[in-house]
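A.B. asks: I'd like to ask some things about the structure below.
Rule-based calculations on the coordinates, nothing more; no lab input. Computed from a predicted model, the values in this text were never measured in an experiment. Please note: Cβ atoms are built from the backbone with ideal geometry, for glycine as well, and neighbour counts cover all protein chains shown.
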Amino acid sequence: MKLKSFIKKQNPIKVIVFVAVVLYVIFSSGFIDDAKKSASMMSSSIDEIEKGDVNTEGNLEVYFIDVGQADCILLKNDNGNVLIDAGNNEDGAKLVNYFNDLNIDTFDYVFATHAHEDHIGGMDDIINNFTIKNFMMPSVVTTTKTFEDLLDALEENNLKYYTPYEDETFDLGDCKIRVIYVGNEENDLNDTSIVLKVTFGDTSFLFTGDISSSIEDEILFRDIKSDVLKVSHHGSSYGTSDEFLDAVNPSYAVISVGENNVYNHPDDNTIKRLNQRDIKTYRTDNDGTIIFYSDGISINVKTIQTDTNG
Ligand SMILES: [Zn+2]
């Protein structure tokens, strides 16, 4: 029976009861709540969200430095500096100048996420030119010249490296750094990457090194929800799965990638998955150096065009 003919055949009281029952079912099913939730998610922009009253000292600055097809991230607040990776070999001298210009002489924590050249290339220059209080890297070693340069620099500066454990936390003022993952699989250096979540007040950042989707699956149910995601492995097709993006649920993403790189990074499907979720995505090849400013409540972004590709 069609709805129209059903209504015609019933008396008005029955029709009113029928409509009331239908409306009750719709409202009590949570349909409206879900619709409200997805509408607010779609319109969310960190700049506009007041996340609550938090008591944070100063600001946190997070620099995604344009080092071409490589990673280099600086975290900076009134209490100190943290470095995550140091670009390729040829970036070392440039990074030393860059950090000198920012009046940095000490790094409280340096993380070498994993032993590939595009993450540890400039690390020997960093070790030789700055005071480093804590140097962290995975326990998996390799035999490349770049890695040996790093070990030599540590030795010459009487520094020992430390491999953090999962869930270990480090403080930098009110900024908390949590180790989400450290791998020890020797035949895939990317998957040894140290994954870090940095929380400052109500704002958060997730740094994924070069992990692949198999590690993303492993950490899917850990504390990874973050406002800003450093997209893993330069946006390659091996990471940034739908499930991972849904779990992190970031408002912003950053891809550290070289212009016209031979690997064809980032992968089109990675970009598609980010776009489908309305995640505002910055890329070092297009945007240059990308700086996020957090006061613990909101996040602002600034980009600085770089004339050298890294
Ligand atoms: Zn890499």
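A.B. asks: Taking 0.36 nm per intervening residue step and subtracting the Cα-Cα distance, what contour gain separates residue 169 from residue 185 on full extension? Can you show the working numbers first?
C.D. replies: On the way: separation 16, 0.36 × 16 = 5.76 nm, distance 2.25 nm.
3.5 nm is the gain from fully extending residue 169 to residue 185.
A.B. asks: Rank the residues 137, 123 as a footprinting-exposure proxy: fewest other Cβ atoms within 10 Å of their Cβ go first.
C.D. replies: In order of increasing Cβ crowding within 10 Å: 137, 123.
A.B. asks: Rank these for me by crowding, 232, 139, 251, 226, going from fewest to most other beta carbons within 10 Å.
C.D. replies: 139, 251, 226, 232
A.B. asks: Could you work out how much longer the chain between residue 276 and residue 237 gets when fully extended? Use 0.36 nm per residue separation minus the Cα distance between them, nm to one decimal.
C.D. replies: Details: separation 39, 0.36 × 39 = 14.04 nm, distance 1.59 nm.
Computed gain between residue 276 and residue 237 is 12.4 nm.
A.B. asks: Return, ordered by residue number, the residues of the stretch 164-178 whose backbone nitrogen is under 15 Å from a label point located 7 Å along Cα→Cβ of residue 106.
C.D. replies: Residues 171-173 fall inside that zone.
A.B. asks: Moving to a separate point now. When the Cα centres of the stretch 251-310 and the stretch 52-102 are compared, how far apart do they sit, in Å?
C.D. replies: Comparing the Cα centres of the stretch 251-310 and the stretch 52-102, I get a distance of 15 Å.
A.B. asks: Let me ask you something else. Packing-wise, with mean Cβ within 10 Å as the measure, how do 236-242, 79-85, 156-162 rank, highest first? Spell out each step's value before the answer.
C.D. replies: Working: 236-242: 19.3, 79-85: 22.7, 156-162: 12.3.
Ranking the peptides 236-242, 79-85, 156-162 by packing returns 79-85, 236-242, 156-162.
A.B. asks: A further question on this structure: Test of understanding: ordering 270, 144 by Cβ neighbours within 10 Å, fewest first, what list do you get?
C.D. replies: With the fewest neighbours first, 270, 144 line up as 144, 270.
A.B. asks: Quick one: compute a quarter of the convex hull surface over the Cα atoms of the stretch 169-310 and quote it in nm².
C.D. replies: Values: hull surface 35.4 nm².
Computing the convex hull of the Cα atoms and averaging its projections yields 8.8 nm².
A.B. asks: Same structure, new question: Please express the shape of the stretch 60-304 as an equivalent ellipsoid: the semi-axes are the square roots of 5 times the eigenvalues of the C-alpha gyration tensor, given largest first in whole angstrom. Present the calculation step by step, with values, prior to reporting the outcome.
C.D. replies: Working: eigenvalues 121, 80, 66 Å².
Rounded to whole Å, the semi-axes are 25, 20, 18.
A.B. asks: Rounded to the nearest whole Å³, what is the per residue volume of the convex hull around the Cα atoms of the stretch 75-217?
C.D. replies: About 104 Å³ per residue, rounded to a whole number.
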